[in-house]
Amino acid sequence: MRLRLAPADDPRRAEVRAWLALHPEPTPDDLAEAGWVAPGWPKPWGRDTDHISSLVLHDEFERAGVTLPDNPIGLGWAGPTLLAGGTEEQQARYLPGLLTGRERWCQLFSEPGAGSDLAALRTRAVRDGDDYVIDGQKLWSTWAERSAYGILLARTDRTVPKHKGISYFVLPMDTPGVTVRPIREMTGESHFNEVFFDGVRLPADNRIGEENEGWKLARLTLANERLNLTRGGVCWGLGHTADEFFDLIRAQGGISDPLLRQRAAALYAEKEILETLDQRILASIAAGNPVGHEASIKKAFADEFGQRLMELAKDLTGTAGMLEDQGPLGAAVARWHWGFLFSRALTIGGGTSQVQRNMIGERALGLPPG
């Protein structure tokens, strides 16, 4: 099963080429103002295109060598939530800088005691006149140290069941009382952070949606997160892809060891299954269906696949596997060692594999809650 993107003479491709002829070196502002960054968003932020058309347009920009603004959490998580639950004033305030990539975004959801069970979060937002006063801690906040804004979940009512009483906020990361501490990972980098809130005063108009109804918006954010995390490669788009792995194996003359070769063949079959699942999800979205349990199925499968592929890449490196600049079968290709170390996070971030399976069981198979 393959969704065929438009041919070379498709009018949508011609539209991109005509625009690029007038803007041969487009800036992020040019791209955002024309609606190319998120063409599926409504005007004036996007171009009101359907999902397949958006893929066609982005494919044309990629073919032309034009890089669109990079703001994964802003474009994939925050933007769709602001469009779904934000006011026109909030959209006008936040979306321009988000689309250009000038203002990066992070996600302030998980806590030390509320990761897999996110609704158990304890960070509090207490109303005080026109402000909320926020106290608490978040954990595993990607890129919080370099972000202008964060999407924040905080408890505004502790007297109701845990999925109630949660509100959704936009938090400027330079607000007094916000402290960001990078977490040093075994990769040697600091991809994640812990964030502390000590009497942070946040204006009430930074709340998205109704008070105590933030969980509804959070579910939308999480569904987009699960789909976006599994795009672009086996390390959430940050490292090498599965196609790069198999291209490298071919370039190095293949695998002589029969057991390792069998593992590679099994992973290739899994890659094909994942691509087919991608096509099914895209076809469903193109038909106007909301993102459902398919996001959990994709994430549970894709992240474990990523770990297995990185483990095989490391095994194929042999004794040189202790060196950072060595790839499979003696290829001097960097980042494979980094990818192997980073891949341990795949089945944790964005909801653990165990949580994804619970959701699949309950929502797809109709099993009773565990």
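Report, in degrees rounded to the nearest 10, the 0 to 90 angle that the Cα long axis of helix 51-63 makes with the longest principal axis of the chain. With rounding to tens, the tilt is 60 degrees.
Relative to the longest principal axis of the Cα atoms of the chain, helix 88-100 runs at roughly 30 degrees. Compared with the dominant Cα axis of the chain, that is its longest principal axis, helix 242-251 is turned about 20°.
Diagonalising the gyration tensor over the Cα atoms of the chain and scaling each eigenvalue by 5 before taking the square root yields semi-axes of 35, 27, 21 Å, largest first. In this structure, His23 and Arg363 have a Cβ-Cβ separation that, at R0 = 25 Å, corresponds to a calculated FRET efficiency of about 0.05. Placing a pseudo-label 7 Å from each Cα along the Cα-to-Cβ vector at Lys43 and Ser116 gives an inter-label distance of 4.8 nm.
Using a simple spin-label model with pseudo-atoms 7 Å out from Cα toward Cβ, Glu272 and Asp325 lie 3.8 nm apart.
How much length would be gained if the chain were fully extended between Arg93 and Thr67, taking 0.36 nm per residue of separation minus their Cα-Cα distance, in nm to one decimal? Before the final figure, lay out the partial values.
Values: separation 26, 0.36 × 26 = 9.36 nm, distance 2.45 nm.
Full extension of this stretch gives 6.9 nm more.
Taking all Cα pairs closer than 8 Å and separated by 6 or more residues, the relative contact order of region 23-117 comes to 25 percent. For a Förster distance of 35 Å, can you work out the FRET efficiency between the beta-carbons of Arg250 and Gln279, rounded to the nearest 0.05? With R0 = 35 Å, the Cβ-Cβ based efficiency is 0.90.
Using a Gaussian network model of the chain in which every pair of alpha carbons under 10 angstrom is joined by a spring, one finds that among Ala32, Ala78, Ala332 the greatest mean-square fluctuation is at Ala332.
Can you tell me the relative contact order of the chain? Whole percent, Cα pairs under 8 Å, sequence separation 6 or more. Please list the in-between numbers first.
Numbers: 610 pairs, mean separation 45.1, N = 370.
It rounds to 12 percent for the chain.
So what is the relative contact order for region 284-370, in percent, with contacts set as C-alpha pairs under 8 Å and at least six apart?
Numbers: 90 pairs, mean separation 24.6, N = 87.
Value for region 284-370: 28 percent.
Remark: spin-label model distance Thr352-Glu311 equals 1.8 nm, labels positioned 7 Å along the Cα→Cβ axis. Springs between alpha-carbon pairs under 10 angstrom, Gaussian network model over the chain: which of Asp303, Asp70, Asp257 fluctuates most? Answer for the Gaussian network model of the chain: Asp257. Top mean-square fluctuation among Asp243, Asp130, Asp325, Gaussian network model of the chain, C-alpha springs under 10 Å? Per the Cα network of the chain with a 10 Å cutoff, Asp130 tops the list.
None of the figures in this text is laboratory data; all of them are computed from the coordinates on show. What you see is a predicted model, and the numbers here were worked out from it, not measured in a lab. Ideal geometry is used to build each Cβ from the backbone, glycine not excepted, and the neighbour counts take in all protein chains shown.
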